[in-house]
1. If you scan region 1-60, which residues turn out to be over 20 Å from the mean Cα position of the chain (by Cα), assigned to a strand (DSSP E or B) and surrounded by fewer than 21 Cβ atoms within 10 Å (Cβ to Cβ)?
2. Condition (residue is farther than 20 Å from residue 194 by Cβ, at pLDDT below 85, surrounded by 13 or more Cβ atoms within 10 Å (Cβ to Cβ) and touching a helix residue (DSSP H, G or I) at 6+ places or on another chain (Cβ under 7 Å)) applied to region 83-103: is it met by at least one residue?
3. Go through region 93-150 and give me each residue that's part of a loop (DSSP other than H, G, I, E, B) and under 25 Å from residue 38 (Cβ atoms).
4. Condition (residue is in contact with a strand residue (DSSP E or B) (Cβ under 9 Å, 6 or more places away or on another chain) and under 27 Å from residue 15 (Cβ atoms)) applied to region 104-125: is it met by at least one residue?
5. Taking residue 179 as meeting all but one of (1) at pLDDT 90 or above; (2) surrounded by fewer than 18 Cβ atoms within 10 Å (Cβ to Cβ), write down the number of the exception.
């Protein structure tokens, strides 16, 4: 079993080290030691997308993320999805909990209205990603949490930056979406037909 000590590494380094080890050594068994919940979730999810059965054990102030797979696996792109040939993949990246500059109260109302209206994009809305202050929209007391949960229930992929959640000490308050890392975000940008930044 290959072991990687990724403690102290900022996102997305633990995932990148894991990806490199799998690609270079064609391993079917790997254990990654990380020291924060965001890295644990990201490595766990990455291993799953690569065909591993992943498990997590909390130990010594960190997490051991272990992955095992039986046969050689041809990975699918973990952010790619099949869409209608006539549709497009629009990625919306939300970097704030309010829209525009000026009056904070107005900006907050505008952001709520914007997120509620996103459904008008229909199936073209492919990814909704929250970074920086935007992650505050995915936590327990967010005014738009019911809307986001409904989007997720309908199949929209919602990604929430783990580094940002950790920075604001909000990891345990996240209520919707998958905890993500910069590798997923950059890959999604490459695959999207259009990226809208708010």
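The values are calculated or read from the model by the stated rules, or taken from the named source; none is laboratory data. Quick caveat: nothing in here was measured; it's all calculated off a predicted structure. So basically every Cβ, Gly included, is an ideal-geometry build from the backbone, and we count neighbours across all protein chains shown.
1. 2, 3, 4, 5, 29, 31, 57, 58, 59
2. So far as region 83-103 goes, no, none of its residues is farther than 20 Å from residue 194 by Cβ, at pLDDT below 85, surrounded by 13 or more Cβ atoms within 10 Å (Cβ to Cβ) and touching a helix residue (DSSP H, G or I) at 6+ places or on another chain (Cβ under 7 Å).
3. Within region 93-150, 95, 96, 97, 98, 131, 140, 141, 142, 143, 144 qualify.
4. Restricting attention to region 104-125, the residues satisfying the condition of being in contact with a strand residue (DSSP E or B) (Cβ under 9 Å, 6 or more places away or on another chain) are 111, 114-115, 118-119, 121, 124-125.
Subset that is under 27 Å from residue 15 (Cβ atoms): 125.
Yes; the residues of region 104-125 include at least one that is in contact with a strand residue (DSSP E or B) (Cβ under 9 Å, 6 or more places away or on another chain) and under 27 Å from residue 15 (Cβ atoms).
5. It fails just one condition, (2).
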